[in-house]
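Below is one structure, written out as structure tokens; comments come after it.
The values are calculated or read from the model by the stated rules, or taken from the named source; none is laboratory data. Only a predicted model underlies this, so the values are computations on that prediction, with no experimental measurement involved. Quick reminder, even Gly has a Cβ in these numbers, built from the backbone with ideal geometry, and neighbours come from all protein chains shown. Side chains included, ligands, DNA and RNA excluded: accessible areas come from the protein's heavy atoms. Shrake-Rupley method; radii C 1.70, N 1.55, O 1.52, S 1.80 Å.
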Amino acid sequence: MCSIPWRSPHDSFEDGPPTGAGALEGALARHAKTIIGDVRTYIDSLHELFLVTYDALDTPLGRDQLHASLEQPFLERLWPYLLPLFRLINKTKEIELATAMTSYWGATPNDLFASSKVALLDYEPVPYSAAIRELQQVVNLICPLAKLECIVQVCKIICHTVDEFYVSSGSAENYSVGADDLIPILSYVTVRAGLPQLVSECHAMEEFIHEGYLFGEEGYCLISLQTAIEYVAKLAQP
């Protein structure tokens with residue numbers, strides 16, 4: 001879980017108080033930290049209240065189902081206000097990502113250092129178009145868990161597309177997508193999705209999704225997408 005930078009009001013500034021966009025983003029981050037803490041506390045309190053009331057829910061599966069059930073009604077009305085706050089906090093990063101997306105819009109997977117074995121340039125007009133469409137759906141979802149599942153699905157579609165390519169080509173080679181392949185492909189998919197707000201979407205997911213969900217497959221997929229986003233954003237830097 002990443003922590004939002006926080007500074008006590010009693011701390012001193014060696015070079016004077018921060019000014020400009022950095023000061024605004026820092027102030028918003030401190031404000032968001034308080035809101036995030038309150039929201040998570042309320043959800044956790046409701047979670048424990050249900051467990052005390054209904055003993056049958058006190059199982060790993062029951063806890064998962066309970067958390068997913070509480071998240072939807074609790075965050076449904078808050079999310080339209082929370083996400084804009086995250087976007088203000090990440091405004092500078094979103095601008096960098098948008099600049100890179102514009103510059104590399106016509107790039108191929110090879111241009112983003114994907115292996116020729118997974119570039120799939122001759123397989124379809126726009127390689128990994130299904131994964132691109134799936135990633136674009138993340139902004140239409142409200143709950144962080146649903147957004148996380150969408151990202152997992154994007155990674156699965158990428159792997160399935162590569163498998164399908166080798167089967168349809170009649171190749172005897174059975175190629176599996178590894179970590180070294182996934183990040184470049186995700187970078188390409190991120191560029192073609194054209195959504196700078198992915199920076200804030202991932203940040204919000206990281207803050208609101210319970211730590212238990214960020215292990216295993218879900219956590220791996222989220223970290224992979226964040227790594228791809230950071231890589232694409234750096235392409236805009238001189």
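Below, the figures for the structure above:
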{"item": "Extreme residue, surrounded by the most Cβ atoms within 10 Å (Cβ to Cβ), among residues of the stretch 117-128 that are of a type in the set (D, E, K, R) and in a loop (DSSP other than H, G, I, E, B)", "result": "124"}
{"item": "Single match in 114, 131, 68 (criterion: crowded, with 17+ Cβ neighbours inside 10 Å, under 22 Å from the mean Cα position of the chain (by Cα) and not in a loop (DSSP other than H, G, I, E, B))", "result": "131"}
{"item": "Of all residues in the stretch 206-223 being in a helix (DSSP H, G or I) and among the aromatic types (Phe, Trp, Tyr), the one that is least open to solvent (accessible area, probe 1.4 Å)", "result": "208"}
{"item": "Hey, residue 143 free of Cβ contacts under 8 Å to residues at least 60 places away in the same chain and either closer than 30 Å to residue 43 by Cβ or surrounded by fewer than 17 Cβ atoms within 10 Å (Cβ to Cβ) (or both) or not", "result": "no"}
{"item": "Enumeration of residues in the stretch 21-61 that are open to solvent by 90 Å² or more (accessible area, probe 1.4 Å) and touching a residue at least 60 places away in the same chain (Cβ under 8 Å)", "result": "24"}
{"item": "Residue count for the stretch 47-81, restricted to those that are at pLDDT 85 or above, closer than 18 Å to residue 213 by Cβ and among the aliphatic types (A, V, I, L, M)", "result": "1"}
{"item": "Residues (surrounded by 13 or more Cβ atoms within 10 Å (Cβ to Cβ) and either over 20 Å from the mean Cα position of the chain (by Cα) or of a type in the set (Lys, Arg) (or both)) located in the stretch 71-85", "result": "74"}
{"item": "Failed criterion for residue 173 (all others in (1) open to solvent by 60 Å² or more (accessible area, probe 1.4 Å); (2) among the charged types (D, E, K, R); (3) farther than 25 Å from residue 89 by Cα; (4) modelled with pLDDT of 90 or more hold)", "result": "(4)"}
{"item": "Residue satisfying all of: in the stretch 176-195; hydrophobic (A, V, I, L, M, F, W, C) and open to solvent by 40 Å² or more (accessible area, probe 1.4 Å); modelled with the lowest pLDDT among these", "result": "179"}
{"item": "Residue in the stretch 86-110 that is least open to solvent (accessible area, probe 1.4 Å), counting only those that are assigned to a helix (DSSP H, G or I) and without any contact (Cβ under 8 Å) to a residue 24 or more places away in the chain", "result": "110"}
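For (1) over 24 Å from residue 88 (Cα atoms); (2) in contact with a Lys or Arg (Cβ under 6 Å, 6 or more places away or on another chain); (3) crowded, with 16+ Cβ neighbours inside 10 Å, each residue gets a yes or a no:
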site	(1), (2), (3)
167	yes, no, no
199	no, yes, yes
225	no, no, yes
229	no, no, yes
236	no, no, yes
